[in-house]
Amino acid sequence: MQFSEIEKRVYTLIVKSGSKGVLQRELTTLLGIDSRKGSRVAKSLEKKGLIIRKPVLYKGRWTYQLIAKKKVVAIPKGAIYDCPCFLCKFIDRCAPGLERSPTKCNMLTEWLLSLDD
């Protein structure tokens, strides 16, 4: 599965929002994108099976609640050797909360998503 940079940003935001999700109309302010782009990205992520778009009425207007689907990815035996962390030059400076973090790492995200192919 290939992801554009904006799809990664939107999906990360949705995942971080937890079970309550995020309103599609909030994407414009949170990520600085226009509503048309936000709608296209949300539809793309839904089509890829990563999120659920649930119609909701918010302040008298219809929008979508974007909620990440819970996915359990089984890592096949031997696949762990392909994890990019083992060859990363920043491994000694990578930790949650730091500038280099597993939650912000594009290489790690792409590797994890590739396991689901």
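Taking segment 80-105 as the range and being in contact with a Lys or Arg (Cβ under 7 Å, 6 or more places away or on another chain) and in a helix (DSSP H, G or I) as the test, only ARG93 passes. Looking only at residues in segment 34-63 that are part of a loop (DSSP other than H, G, I, E, B) and over 16 Å from the mean Cα position of the chain (by Cα), which one is surrounded by the most Cβ atoms within 10 Å (Cβ to Cβ)? The extreme case among them is ASP34.
Among the residues of segment 4-25, is there at least one that is part of a helix (DSSP H, G or I), outside the structural domain of THR109 (by TED's automatic domain parsing), in contact with a Gly (Cβ under 7 Å, 6 or more places away or on another chain) and buried (at least 17 other Cβ atoms within 10 Å of the Cβ)? Within segment 4-25 (the criterion being part of a helix (DSSP H, G or I), outside the structural domain of THR109 (by TED's automatic domain parsing), in contact with a Gly (Cβ under 7 Å, 6 or more places away or on another chain) and buried (at least 17 other Cβ atoms within 10 Å of the Cβ)), the answer is yes, since at least one residue qualifies. Checked against the criteria, LEU66 does not count as free of Cβ contacts under 8 Å to residues at least 40 places away in the same chain and surrounded by 10 or more Cβ atoms within 10 Å (Cβ to Cβ).
The values are calculated or read from the model by the stated rules, or taken from the named source; none is laboratory data. Since the model is a prediction, treat every value here as computed from it, not as a measurement. Every residue, glycine as well, gets a Cβ built from its backbone with ideal geometry; the counts of neighbours run over all protein chains shown.
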